[in-house]
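First up is the structure itself, then whatever we jot down about it.
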Amino acid sequence: MQPIVSISDVSKTYATGFEALKHVTLDIHKGEIFALLGPNGAGKTTLISIICGIVRASTGRVIADGHDIIGEYRQARFKIGLVPQELTTDAFETVWATVTHSRGLFGRSSNPAYIEKVLKDLSLWDKKDSKIMTLSGGMKRRVMIAKALSHEPTILFLDEPTAGVDVELRRDMWNLVRSLRESGVTIILTTHYIDEAEEMADRVGVINKGEIILVEEKKALMRKLGKKEITLELAKALDRIPDALAHHKLDLSADGHELTYSYDTQGERTGITTLLHDLAEAGIRFRDLNTKQSSLEEIFVNLVRERS
Ligand SMILES: Nc1ncnc2c1ncn2[C@@H]1O[C@H](COP(=O)(O)OP(=O)(O)OP(=O)(O)O)[C@@H](O)[C@H]1O
Ligand SMILES: [Mg+2]
C-alpha cells in the first residue's frame with residue numbers, strides 16, 4: 001500500500017536534554033485509521049507535533065502527502081488537519097466565525113456550504129452562533145474537530161479525541177471518524193482507551209519511552225498475541241497442582257478453588273482434550289468452566305510491562 005505519511009528515523013531531544021523520540025520509522029497508509037497507543041509521556045504528542053511541523057525533529061524526516069514537512073511546510077501542512085490534545089479556542093468568537101477563520105488561514109476560498117456540512121456532521125449546527133466560552137467541554141472538542149476539518153485536509157490527526165467525552169459523544173465521534181475515512185481521509189489518532197483502538201483502528205502502533213515497539217494490523221495483533229484462557233472451578237480445593245498435571249501449564253488460584261489454563265489461539269492444538277483427560281485420571285472434578293479471550297487492553301499492558 002502507498003504511504004501517505006512517511007516518517008524516517010525521527011529522533012527528538014528536547015532542550016532539556018530529554019530524549020522523547022528514538023529512531024522512529026513508520027509509514028501511514030492512505031485511507032487507514034491508525035491508532036497510536038502508549039502510556040503517558042511515551043512521545044505520542046511529540047510525534048504528532050513533528051509530523052504537523054509544530055515541533056522540529058532533531059534528526060530524521062517526515063513526508064506528508066508527498067511534501068517534506070520542513071522543506072515544503074506550507075504544502076504539507078495544507079493537507080493536514082490537527083485536533084490537538086489541549087483545547088485551544090478563541091473563547092469570545094462564535095463557532096461559525098472560528099471555523100470559517102481557520103479555513104481562511106489555509107488560504108482556502110470561503111465555502112459556507114462545506115462549513116455547514118461539517119458543523120451539522122458534528123452536531124454543532126444549532127450552536128453556530130454561540131460564543132465558544134458558552135459551550136460545554138465536549139462541544140468545545142467538537143469545535144476543535146470542525147476547525148481541523150475546515151480546510152478539507154486529507155490527513156487528520158486526532159490527539160486523544162475522546163478524553164473527557166461522555167459515552168454517547170464518543171460513539172458519535174467514532175461514527176464521524178469512520179465516515180471521514182469513507183470520504184477518503186486518512187486518520188491517525190492517539191488514545192488511552194484501548195477499546196477505542198480495538199473498535200476503530202485498522203492498524204495499531206504501540207509507542208513506549210519514545211520507541212515504536214510494535215506496528216501491526218489490529219486483527220493480526222489480536223490473533224497473534226491473543227491468548228485464550230479456561231478457568232475450571234474445582235469441586236474440591238487443591239493444595240497444589242498434582243505432579244501428573246505438571247506438564248500442563250496450569251495456574252492454581254491462591255484459595256485452591258480455580259485452575260486456569262492458557263493456550264495460544266494460533267496453536268495447532270489447544271491441548272484441552274488431553275488436559276481434560278488427565279484431570280479425570282487424576283480424579284479432579286470441576287463444577288464449572290469459563291473461557292476468556294484476552295482483549296487488546298491486556299495485550300497492550302503486557303507489551304508495555306515487558307519493556308519497562
Ligand atoms: N517542550 C518540552 N520540553 C521538554 N520535554 C518535553 C516537552 N514536551 C514534552 N516533553 C517530554 O517528552 C515526553 C513525551 O511527551 P509527549 O507529550 O509526547 O507524551 P504523550 O505520549 O503525548 O503523553 P500523554 O499520553 O500524557 O499525552 C514526556 O516525558 C514529556 O515530559
Ligand atoms: Mg499527548
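Computed from the coordinates by the stated procedures, all read-outs in this text should not be read as laboratory data. Everything numeric here is computed off the predicted structure, so don't read it as measured data. We place every Cβ from the backbone using ideal geometry, glycine too, and count neighbours over all the protein chains shown.
Determine, at each q value in 0.11, 0.20, 0.25, 0.26 (inverse angstroms), the log₁₀ of I(q)/I(0) that the Debye formula gives when each Cα of the range 21-104 is one equal point scatterer. Each listed q maps to, in turn, -0.38, -1.09, -1.36, -1.41.
Extension gain for E217-R74 works out to 48.3 nm (0.36 nm per residue, less the C-alpha to C-alpha distance).
With a threshold of 20 Å on the Cα-Cα distance, the over-threshold entries among K117/K147; K117/K218; K44/K140; K79/K147 are K117/K218; K44/K140.
About its Cα centre, the dipole of the range 57-106 is roughly 160 debye, where the only charges are +1 on Lys and Arg Cβ and -1 on Asp and Glu Cβ. Among D278, D239, D166, the ranking by other beta carbons within 10 Å of each residue's beta carbon, starting with the fewest, stands as D239, D166, D278. Cross-link partners of K22 among aspartates and glutamates, defined as those whose alpha carbon lies under 14 angstrom from its own and excluding same-chain residues fewer than eight positions apart: D9, E211.
Within 10 Å of each candidate Cβ there may be at most 11 other Cβ atoms; applying that plus a DSSP loop requirement, which GluC sites (Glu not before Pro) in the range 48-147 survive?
Sites meeting the loop and neighbour criteria: E86.
Along the charge dipole of the range 227-294, Cβ charges K/R +1 and D/E -1, which of A237, T291, S253 sits furthest on the positive end? It is T291, whose Cα lies furthest towards the positive end.
When the trypsin sites (Lys or Arg not before Pro) in the range 44-112 are filtered for DSSP coil states and for at most 11 other beta-carbon atoms within 10 Å of their beta-carbon, the remaining sites are R56. Residues whose amide H falls under 5 Å from that of L156, counting only those 5 or more places apart or on a different chain, are G81, T186, I187, I188, with hydrogens built in the peptide plane. With Rh defined as the Kirkwood radius, the inverse of the mean 1/r over Cα pairs, the Rg/Rh of the chain is 1.11.
Using Cα pairs under 8 angstrom and six or more residues apart, how large is the relative contact order of the range 227-294, in percent?
Here the relative contact order equals 51 percent.
Contact order, relative form, for the range 3-222: 29 percent (alpha carbon pairs under 8 Å, 6 or more residues apart, mean separation divided by residue count). Net charge in the neighbourhood of L119 (other residues with Cβ under 10 Å of its Cβ; Lys, Arg +1, Asp, Glu -1) is +2.
About the centre of its Cα atoms, the chain shows a dipole size close to 940 debye [charges on the beta carbon of Lys, Arg (+1) and Asp, Glu (-1) only; nearest 20 debye]. Cross-link partners of K236 among aspartates and glutamates, defined as those whose alpha carbon lies under 13 angstrom from its own and excluding same-chain residues fewer than eight positions apart: D255, E258, D288.
Computed from backbone phi with θ = phi - 60° and the Karplus coefficients 6.51, -1.76 and 1.60, the 3J(HN,Hα) list for the range 280-286 is 4, 4, 7, x, 9, 10, 10 Hz; x is used for glycine and proline. Among the trypsin sites (Lys or Arg not before Pro) in the range 175-226, none sits in a DSSP loop with a Cβ that has at most 12 other Cβ atoms within 10 Å.
In the range 227-294, one over the average inverse separation of all distinct C-alpha pairs is 12.2 Å, which is the Kirkwood hydrodynamic radius. With both residues required to sit in the chain, DSSP beta bridges show an antiparallel share near 70%.
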